[in-house]
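The values are calculated or read from the model by the stated rules, or taken from the named source; none is laboratory data. No experiment lies behind these values; they were computed from the predicted model shown. Every residue, glycine as well, gets a Cβ built from its backbone with ideal geometry; the counts of neighbours run over all protein chains shown. Calculation scope for accessible area: heavy atoms of the full protein, side chains included, ligands and nucleic acids excluded. Shrake-Rupley method; radii C 1.70, N 1.55, O 1.52, S 1.80 Å.
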Amino acid sequence: MVNPSKQNNFSKLQFLLSELPWYVDEYINHKLRKLSTASLFNYCHDYKIFFNWMIREQLFIGVAKDIPLDRLEQMTVIEIESFLNFLHYELNNKDLTVNRKLSALKSLFNYLQNIAETPDLKPYINRNVLAKIEFNEVKENIETKAAKMEGKILLGDEYEKFRLFVENDYGELNKDNKKVYNFHQLNKERDTAIISLILGSGLRLSEIIGIELDDIDYKKYCVRVIRKGNKEQFVYFSQVAMADLQEYLSVRSAKYQVEKNNKALFIAAPIGPKGKTRRLTARSVEKLVEKYATAFGKPSLSVHKLRHSFATRYHAEINDVPKLRRQLGHSSIQTTMIYTHIKNDDLKIAVDKMDMPKEQDN
């Protein structure tokens, strides 16, 4: 079965590649089997910034698409350092972001020097200036990352409070604004189901928007998703999420006038009198989470922070890092270990439950 979200990402990637030199296209095709189209799209976006900077600085006269290999071979350390300073001081990129963009460039230049071959078996470039450039030092251990995350996620009873806020309180808060109130009334079941599913499973944004109706297993409380690296996995979700999903599905067809061939789980309302329903986009989900989070009083909340919220709660109550790693789809257990360093009331609540007396049968 073709994943529409994956197909859409591939189309966006191809469009971006049309603006970049031919050897970038070749490099991306080399990586296509190993990395997701979303990751490769981010690589290409970074390359576009780099090549456009070269044009701006008159390091090449023409358009980015025409920058030849020999110009890359002639790049100097000073030029690359100037580009990194441009990222830091003009684009206000943080050290971690600069490192990510530098890593993308290093990967491209390494391919051109050590992997790609001309018809006579020569490397595309003989000199690789990026091999001389070091990453920014970022002294941030797991505890520091966890501490930063702690103030930006849902903890304790905030999980249910936020879910109920999306379901009902946001509408009550805006009942004097007819346009906002009516829009909430139209979408509250859908939006609650989205929030509930993320908080009840830890799914990524790309995984949420890619779900089809047939991907849900109603008996086993799990959903089929395509994870990073194009791996298929069935991910479990909570009973609360299931209840909210079923509430949404009971109104999905009537509220959104969905055509029978549209199998996307989460649908955007049609725009205009002749508008058609369509799959909800990643940006639309990000915006709706931002809207509710700001009104709730936690503007730092995002789709990714909701995923972090799930992971923190899961670790507090289950305390099984390998299982959490699989649930989140992490390739490295080190990424999952961050959640073992978050200190929050959930840990105390989980322990307190051990001492609660059991109710006696009458």
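Some values worked out for this structure:
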quantity: Unit charges on C-beta of K, R, D, E only; dipole of the range 164-240, Debye; calculated: 200
quantity: Cα-centre dipole for the range 18-102 with unit charges at Cβ (Lys and Arg positive, Asp and Glu negative), debye to 20; calculated: 420
quantity: Gain upon complete extension [residue 10, residue 263; 0.36 nm per residue less C-alpha separation]; calculated: 89.1 nm
quantity: Mean separation of Cα contacts under 8 Å (6+ apart) over length of the range 168-268, as relative contact order %; calculated: 28
quantity: 3J(HN,Hα) from dihedral phi, the range 168-178, Karplus parametrisation 6.51/-1.76/1.60, rounded to Hz, x for glycine, proline; calculated: 9, 4, 4, x, 5, 5, 10, 5, 7, 9, 4
quantity: Among 116-122, 217-223, the order from most to least packed when residues are scored by Cβ within 10 Å on average; calculated: 217-223, 116-122
quantity: Derived scalar couplings ³J(HN,Hα) [the range 155-163; Karplus, 6.51 cos²θ - 1.76 cosθ + 1.60; whole Hz; x for Gly, Pro]; calculated: 10, x, 7, 5, 4, 6, 4, 5, 4
quantity: List 53, 22, ordered by accessible area with a 1.4 Å probe, largest first; calculated: 22, 53
quantity: Heavy-atom surface of the range 156-315, accessible at 1.4 Å and reported per residue (Å²); calculated: 49
quantity: Too-long pairs where the Cα-Cα distance tops 21 Å, listed order kept, from 161/219; 48/101; 188/228; 175/276; 161/188; 34/263; calculated: 161/219; 188/228; 175/276; 34/263
quantity: Protein-only accessible surface order, largest first, of 263, 48 at 1.4 Å; calculated: 263, 48
quantity: Amide hydrogen neighbours beyond the local backbone of residue 125, cut-off 5 Å, H modeled; calculated: 113
quantity: Cα-based equivalent ellipsoid, the range 166-292: semi-axes from gyration tensor eigenvalues, Å; calculated: 24, 17, 14
quantity: Gyration tensor (alpha-carbon) shape descriptor, the range 244-303, a/c threshold 1.5; calculated: prolate
quantity: Restricting the range 69-108 to trypsin sites (Lys or Arg not before Pro) in coil, as DSSP defines it, with at most 15 other Cβ within 10 Å; calculated: 94
quantity: Neighbour net charge for residue 216 - beta-carbon separation under 15 angstrom, K R +1, D E -1; calculated: -2
quantity: Accessible-area composition of the range 216-272, carbon plus sulfur, in percent [1.4 Å probe]; calculated: 51
quantity: Evaluated over the range 197-263, the Cα radius of gyration and Dmax, each in Å; calculated: 12.3, 36
quantity: Gain on full stretching of the segment that runs from residue 48 to residue 118 - 0.36 nm per residue minus C-alpha separation; calculated: 22.8 nm
quantity: Interchain or long-range residues, amide H under 5 Å from residue 267's placed H; calculated: 280
quantity: Simple label model, 7 Å out from Cα along Cβ direction - residue 304 to residue 76, nm; calculated: 3.6
quantity: Virtual spin-label span in nm between residue 175 and residue 132, 7 Å along Cα→Cβ; calculated: 6.9
quantity: Shape category assigned to the range 151-216 from the gyration tensor of Cα positions, a/c cut at 1.5; calculated: oblate
quantity: Shape call, the range 1-143: gyration tensor on alpha carbons, a/c limit 1.5; calculated: rounded
quantity: Label-point separation in nm, residue 66 to residue 240, each point 7 Å along Cα→Cβ; calculated: 5.9
quantity: Added length on full extension, which subtracts the Cα-Cα distance from 0.36 nm per residue, residue 106 to residue 233; calculated: 42.6 nm
quantity: Accessible area of residue 88 in the full protein assembly, 1.4 Å probe (Å², nearest 10); calculated: 70
